[in-house]
Ligand code: TPU
Ligand code: MG
């Protein structure tokens with residue numbers, strides 16, 4: 001290589017440098033001929049480690065999980081056949097408010113004007129469709145038309161993603177990844193947050209005083225966008241300054257410490273934990289922080305709070321009758337904490353109605369395994385160092401019923417709700433947090449969607465513990481609407497993960513039919529450090545939580561509302 005070649009700085013190098021500068025250390029990839037030069041450039045960056053995935057759906061979900069741990073992530077795929085699969089994890093990142101940078105290789109810049117028909121495309125020489133599709137599921141989608149535009153467009157897309165906590169899309173034509181490019185300027189131009197407008201911030205805090213004036217029973221309700229706005233510490237400060245009850249939405253479990261005396265459980269309508277619904281319904285003022293009221297979190301619209309709310313969002317605040325834009329959540333909560341008057345009425349009341357600790361039955365070692373026993377044993381292994389991933393299905397309800405020790409983390413994908421998410425997402429998460437103990441609760445149906453990614457846990461020697469709850473089908477769907485489509489082919493799951501070992505891997509596959517077998521398997525999983533451990537927990541097909549049945553009933557009713565006529569109310 002000549003000296004001038006060694007010094008050549010390219011579009012691919014520019015992207016690599018920006019990714020490293022925003023704190024990305026692992027990039028998730030599936031190769032294809034449209035992105036190979038780009039992958040070489042990313043590989044050459046000393047701070048980036050390439051992580052290969054089995055397919056682009058999993059790759060995008062692994063990046064989604066990495067963004068949960070690291071704050072931002074990147075997924076690099078090839079044109080169309082790769083990118084369109086990766087749109088699913090990108091949609092998840094949009095719904096879950098995570099800055100995932102989706103990078104796709106693209107056709108050679110000469111091909112469109114020469115009307116060439118290319119492989120991996122729709123075959124009609126219009127290559128703009130992927131960019132157009134990406135616009136709908138990202139906050140900013142760019143395609144680099146020539147190397148000179150790369151710095152501006154790459155910086156624009158990454159900045160938009162970081163500021164809005166949403167995914168972005170960058171398309172780099174195959175013949176531009178290695179094209180000469182200028183070097184990047186200071187990264188602060190990309191990452192520096194937009195401070196609150198000082199007038200809006202002041203006015204928003206003053207409006208809180210108006211909202212709370214004369215209210216006797218304030219409650220704080222925490223939603224999943226709190227963490228996305230990096231405002232957990234400020235929320236804690238506000239809660240302690242107010243002294244009131246703090247409930248969390250199901251997707252925000254763990255965002256307020258459960259060991260805190262002001263924690264009153266998960267507000268989830270009729271399937272709430274710890275009587276959180278009683279105290280939320282008792283409130284005369286509800287401070288909603290980063291909340292999402294969708295059909296799932298409101299139990300089919302049966303639990304929409306019916307008092308005038310104050311909603312503090314990532315970058316704005318809304319009261320009954322007033323709205324304040326460009327108010328950053330952390331600054332707002334911090335400002336409010338200094339202004340509010342202490343009022344612990346809701347805590348006094350909650351302490352009267354706080355449910356007594358439940359009697360939890362311990363199964364005998366020879367007892368057939370049940371859902372309750374699996375959940376009881378998972379509770380027993382949670383420590384301050386655990387991160388629990390719970391998958392769509394009854395695992396949501398089982399996970400939400402657990403108590404998190406201080407420091408334990410909880411991850412759930414409730415807005416997007418893609419079955420199979422937990423396998424690649426926990427893998428991506430664990431790449432960033434290798435020393436945390438990552439535990440996954442996943443159903444058999446969900447596992448079948450993304451099972452290949454266990455092979456990456458084997459390859460990179462990630463000791464994730466997967467509790468696969470085998471109830472022989474799609475039980476959550478059974479509770480919403482049953483049919484023969486909710487039955488699935490059974491697999492030998494424990495054997496399957498060992499097939500991923502081939503000659504050099506160290507996955508363990510274990511089977512627990514009884515309570516005693518699960519105790520032994522969990523002990524083995526804890527000691528096994530060289531790769532993942534999957535424990536297949538077999539339970540009866542009708543063994544599900546009462547919360548799933550109740551919730552499923554109301555979600556089914558919401559789904560079944562008849563179409564309204566033009567003149568209906
Ligand atoms: O505990 P359990 O049996 O409910 O969980 P399992 O076995 O994982 O079954 C989940 C069943 C399920 C489906 C088929 N939950 N939601 N769906 C609908 C669905 C379909 N496709 C995707 C990608 N995501 C979905 N949520
Ligand atoms: Mg199942």
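So between residue 148 and residue 259, what do we pick up on full extension, going 0.36 nm a residue minus the alpha carbon distance?
Extending this stretch completely gives an extra 34.6 nm.
Each of the peptides 174-181, 403-410 was scored by the mean count of other Cβ atoms within 10 Å over its residues; in descending order, highest first, they stand as 174-181, 403-410. Between residue 301 and residue 368, the distance separating the two model label sites (each 7 Å from Cα on the Cα→Cβ line) works out to 4.1 nm. Cα centroid separation, region 118-190 to region 515-569: 39 Å.
Quick one: 557, 92, 278, 73, fewest Cβ neighbours within 10 Å first, how do they rank?
Working: 557 14, 92 26, 278 17, 73 33.
Neighbour counts put them in this order, fewest first: 557, 278, 92, 73.
Mean sequence separation of contacting Cα pairs (under 8 Å, at least six apart), scaled by the length of region 1-123, corresponds to a relative contact order of 25 percent. Across region 371-555, the relative contact order, built from alpha-carbon pairs under 8 Å that are at least six residues apart, equals 23 percent. Region 367-382 and region 207-236 have their alpha-carbon centroids 35 Å apart. For the chain, the mean residue ellipticity at 222 nm estimated from helices alone is -11000 deg cm²/dmol, where every DSSP H run of n ≥ 4 contributes -39500 (n - 2.57) and the total is divided by all residues, rounded to the nearest 500. Sorting the segments 156-162, 425-431, 381-387 by their residues' average number of neighbouring beta-carbon atoms within 10 angstrom, most packed first, yields 425-431, 156-162, 381-387. Subtracting the Cα-Cα distance of residue 433 and residue 461 from their residue separation scaled by 0.36 nm leaves 8.8 nm. The calculated FRET efficiency for the pair residue 559 and residue 383, based on their C-beta separation and a Förster distance of 45 Å, comes to about 0.70. Of all DSSP bridge pairs formed entirely within the chain, close to 10 percent run antiparallel. If I take R0 = 41 Å and measure r between the Cβ atoms of residue 523 and residue 281 in this structure, what FRET efficiency does the formula 1/(1 + (r/R0)^6) give, to the nearest 0.05? Computed FRET efficiency for residue 523 and residue 281 comes out at 0.45. Full extension of the chain between residue 448 and residue 197 gives 85.5 nm of extra length, using 0.36 nm per residue less the Cα-Cα distance. Can you classify region 1-123 as rounded, prolate or oblate using the Cα gyration tensor, where a ≥ b ≥ c are the square roots of its eigenvalues, rounded means a/c under 1.5, and otherwise it's prolate if a/b beats b/c and oblate if not? Oblate shape, in that a/c is at least 1.5 and b/c is the bigger or equal ratio. Cα centroids of region 37-52 and region 298-365: 43 Å apart.
Relative contact order for the chain: 12 percent, from Cα pairs under 8 Å spaced at least 6 residues apart, divided by residue count.
Beta carbons within 10 angstrom, averaged per residue: use that to sort the peptides 354-362, 122-130, highest first. Intermediate values should be presented prior to the final figure.
Numbers: 354-362: 9.0, 122-130: 13.8.
By packing density, highest mean first, the sequence is 122-130, 354-362.
Values quoted throughout were computed directly from the atomic coordinates according to the rules given, and no laboratory measurement underlies them. What you see is a predicted model, and the numbers here were worked out from it, not measured in a lab. Don't worry about glycine lacking a Cβ; one is built from the backbone with ideal geometry, like all the others, and counts go over all protein chains shown.
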